[in-house]
1. Of all residues in segment 47-63 being assigned to a loop (DSSP other than H, G, I, E, B) and touching a residue at least 12 places away in the same chain (Cβ under 8 Å), which is farthest from Cys174 (Cα to Cα)?
2. Can you pull out every residue in segment 8-40 that is under 22 Å from Val154 (Cβ atoms) and modelled with pLDDT under 90?
3. Yes or no: Arg86 within 16 Å of the ligand (Cβ to nearest atom), surrounded by 13 or more Cβ atoms within 10 Å (Cβ to Cβ) and closer than 23 Å to Arg18 by Cα?
4. Assess whether Phe83 counts as being of a type in the set (Phe, Trp, Tyr) and in contact (Cβ under 8 Å) with a residue 12 or more places away in the chain.
5. Tell me the residue from Ala37, Ala33, Ala73 that is open to solvent by less than 30 Å² (accessible area, probe 1.4 Å) and touching a helix residue (DSSP H, G or I) at 6+ places or on another chain (Cβ under 6 Å), please.
6. Those residues that are open to solvent by 20 Å² or more (accessible area, probe 1.4 Å) and assigned to a helix (DSSP H, G or I), I need them from segment 1-30; list them, please.
7. Does segment 88-133 hold any residues that are assigned to a strand (DSSP E or B), among the hydroxyl-bearing types (Ser, Thr, Tyr) and over 26 Å from Lys146 (Cα atoms), and which are they?
8. Is there a residue being within 16 Å of the ligand (Cβ to nearest atom), in contact with a Pro (Cβ under 8 Å, 6 or more places away or on another chain) and in contact (Cβ under 8 Å) with a residue 12 or more places away in the chain anywhere in segment 64-79?
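The values are calculated or read from the model by the stated rules, or taken from the named source; none is laboratory data. Bear in mind the structure is a predicted one, so any value in this text is a computation, not a measurement. All Cβ positions, even for glycine, are placed from backbone atoms using ideal geometry, and neighbour counts span all protein chains on display. What goes into the accessible areas is simple: the full protein's heavy atoms, side chains included, and nothing from ligands, DNA or RNA. Shrake-Rupley method; radii C 1.70, N 1.55, O 1.52, S 1.80 Å.
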Amino acid sequence: MLVTIDQLLSADELARARSLLQQSQWVSGQVSAGVQAAEVKNNQQLPEQAQHLPTLRQLVLDALNRSPLFFAAALPLKILPPFFNRYTGDTNHYGFHTDNAMRRVPDMSGSYVRSDISATLFLSDPQDYDGGVLTINDTFGTHGIKLQAGSLVVYPSSSIHAVTPVTRGERVCCFMFLQSMVRDPGQRRLLYDMDMALLKLRSELGETEPVVQLTGTYHNLLRRWAES
Ligand code: NI
């Protein structure tokens, strides 16, 4: 299931993120790739020791935390600190790959996050670069995604995906991996569809008895399937 969330960042947050990124130094994206992904990864990334990385990460996490649509689509349990990458010049693409299932948290804890869901937050205006399309293969075919700056796409980490070469300008994005309370993508999809339908029913009908009953069913399914 692919879900896009328009304008996750406010205009102010987007401007602030861009300003911090402009003051930052980039390194090769190889630093965070697994063995298989490293062979096809050719981009740049903000290193862990980058001065503004903690501020940038907090800015993105705050935006995620206030989005009910993100919560409904991802049912997030643990979010790995977001990363930032850039595609430009000779470092301009990321071939087809799958994301590592288990990712170590970049602190001293030695703990892991299981990546159920990947997300990309676009930070460059689409008219400012050519190419750089996030291409995702799922059971319903191939999807090409290039969103407005400040918008987010959420997709299963189990998918095979790529970023096509950037042939003009630069594409800066934030990307992240998260563990969902609901591990199974099919169960997540059912819950998301039900949640969205309930939102509509509630706005059209109010809290009628069947709406309350169905809301109870949603929560009982979540109770059955969620881990915490
Ligand atoms: Ni990936």
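1. Gln51
2. Answer for segment 8-40, where residues must be under 22 Å from Val154 (Cβ atoms) and modelled with pLDDT under 90: Gly29, Ser32, Ala33, Gly34, Ala37.
3. For Arg86, the condition - within 16 Å of the ligand (Cβ to nearest atom), surrounded by 13 or more Cβ atoms within 10 Å (Cβ to Cβ) and closer than 23 Å to Arg18 by Cα - is met.
4. yes
5. None of the others qualify; the one that does is Ala73.
6. Ala11, Asp12, Glu13, Leu14, Ala15, Arg16, Arg18, Ser19, Gln22, Gln30
7. Tyr112
8. No; the residues of segment 64-79 include none that is within 16 Å of the ligand (Cβ to nearest atom), in contact with a Pro (Cβ under 8 Å, 6 or more places away or on another chain) and in contact (Cβ under 8 Å) with a residue 12 or more places away in the chain.
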